[in-house]
Structure formats: C-alpha cells, structure tokens
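What follows is one structure encoded as structure tokens, with my remarks underneath.
The values are calculated or read from the model by the stated rules, or taken from the named source; none is laboratory data. No experiment lies behind these values; they were computed from the predicted model shown. FYI the Cβ positions are ideal-geometry reconstructions off the backbone, even for glycines, and counts take in every protein chain you see. When the accessible area is computed, the model is the full protein with side chains, heavy atoms only, and any ligands, DNA or RNA have been set aside. Shrake-Rupley method; radii C 1.70, N 1.55, O 1.52, S 1.80 Å.
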Amino acid sequence: MQKIIIDQEFWDIFPEVEIAVMTAHDVDNHNDTNVPDNLIQDANEIAKKWVPDDPISANPVVKAWRDAYRKFKTKKGARNAVENLLKRAKNNKGVGNINPVVDVYNSVSLEYAFPIAAEDLDKIVGDVHLTVAKGGENFTPIGEDEVEEALPGEVVYRDDKDIISRCWAWRDSARVADTDDTKNLLFYMENIQPDRKDDHIAAANALKKRFHDYLNIDINDLTFLNKDNREFVFSK
C-alpha cells in the first residue's frame, strides 16, 4: 500500500485547498471505447465560459491561480496547467484528441476549469508527497531529456525518487506520465477557491462517471483531501 501525503509545509501556505484524489485500475487504452467522437471538441467550447474577459488573467479562475503562484517560488513563466488549457480554448486552438483516457480527463478539466493530473501508478516509487522543495531535487519534464532542479521553496509533488510535478500543477514528470500502455492511474485535482467547492465535487463525480460510461472502469475510492484529512491510501 502507498499513500499521497500532504505535508504541513504545504498547509502553512494554502490552508483552504481541497484536492480530489482517486485511482483507476485495469485500464486498456487500446480497445474500442464509448468515448464520443466530439467529446473533446465540445469541452473546448464549454471551457470558453470560464475566460470571457481580456486579458485572460482578469478571469476569476485564472486570477486565483496566478495569485496562488505568487505565494511560492516558481520557475519563470510557469502557469497552472488549467490556465494553459483555457487559453487554448479561448484562442480557438483547443486541445485535440490524444487517446481515450487523456481525452476523458481533459474534457472534465476544460468543462469544470480544474487541473487534473494523471500519473502511472506502476511507475511511482514509494509515497507521493505534496510539499515544499528544499531545492536541487531532480525533475525531467514530459517531452524533454534535460534534467531540471526544483527551486528552494517551490511547491511540488514528489515520490521517493524525484519530483513528479513541478510548480505544483504546471508540468508533470516524464517518468510517471500516463501513456497508451498505462494500466493503473492515480488522479489528483486541486481546488484553491473555497466558493467553488460544489464545482469541485461535480468535476470529480463527472470524471468517475465518464470512466464508467466511456471506458467501463469503476472508480470506487474518490477522496477529498484537506487540512483535516491529509492522506490517501492507494494500491497498485
């Protein structure tokens, strides 16, 4: 058994955050699925409702994440992953189809405006911590070969080997990234706006439902982490 553990150093900065976590097992991303052909295209259109104003930073969802990123050390230019998705949708350059699993969780991220990370459970080493980096921890981003180092004071997800997500929810590690061959997945989805609690719950349930309806996978361990519930136990 392994855990996601939210460390006190994180709660010292963000005491009101809630994080939905869940796992999916026995995924088969190769067979025919029931994912609608227009799922991701429709999600790109729905996403525009979250960013009607210019500049994009004037919209409440984006502003909240920009403000959060000012509270810890970040790599220059780092933006929360959901801002990048919403920006593409707003500019009519929305994300395209990738594979059934990615399309399903991207559709939820776009429609509900929350970042969703999906990591390959079988590649995670030990426990996962959402914490504050000491500085110098290794990270290899998706699509790149060069190893980076986390900054002192940077909010990160890490396992027992190295960083699996830099600048909180900016970029994921190539080592644990989900692929077409991934069989087991760990998801986490952060909400930094307490007034969006109902949206957050709805998004988590939408992810569960779409995995059931489109991929024939039942998710039974949905949990919401907060300062009073700091650990989630999962199995491979």
Per the 1.4 Å probe, what fraction of the accessible area of the chain, in percent, lies on carbon and sulfur atoms?
45
Rounded accessible area per residue of the chain, 1.4 Å, Å²:
46
Convex hull volume per residue for the range 108-164, taking Cα atoms only, in Å³:
109
Heavy-atom accessible area ranking, 1.4 Å probe, most first, across 210, 166, 230:
230, 210, 166
Pairs beyond 24 Å (Cα-Cα), from 87/161; 75/161; 63/87; 76/134; 3/208; 93/183
87/161; 93/183
Report residue 196's accessible area, 1.4 Å probe, all protein chains in place, as a number in Å² to the nearest 10.
10
In Å², nearest 10: area of residue 63 left accessible to a 1.4 Å probe
100
I need the peptides 177-189, 142-154 ranked by packing, meaning the mean over residues of other C-beta atoms within 10 angstrom, with the highest value on top.
177-189, 142-154
How would the range 1-85 be classified by its alpha-carbon gyration tensor: rounded, prolate or oblate, with rounded meaning a/c under 1.5 and the a/b versus b/c comparison settling the rest?
oblate
With DNA, RNA and ligands ignored, accessible area of residue 65 (1.4 Å probe; Å², nearest 10):
10
Report, in whole Å, the centroid distance computed from the Cα atoms of the range 49-80 and the range 174-236.
23
As straight-line cross-link partners of residue 197, the qualifying aspartates and glutamates (C-alpha separation under 13 Å, not fewer than 8 residues apart within one chain) are 16, 18
How do 200, 212, 129, 30 rank by accessible surface area computed with a 1.4 Å probe, from largest to smallest?
30, 212, 129, 200
I need the shape label for the range 122-236. Rule: rounded when a/c is under 1.5, else prolate if a/b > b/c, else oblate, with a, b, c from the alpha carbon gyration tensor.
oblate
Given axes a ≥ b ≥ c from the Cα gyration tensor, I'd like to know whether the range 46-178 is rounded (a/c under 1.5), prolate (a/b larger than b/c) or oblate.
oblate
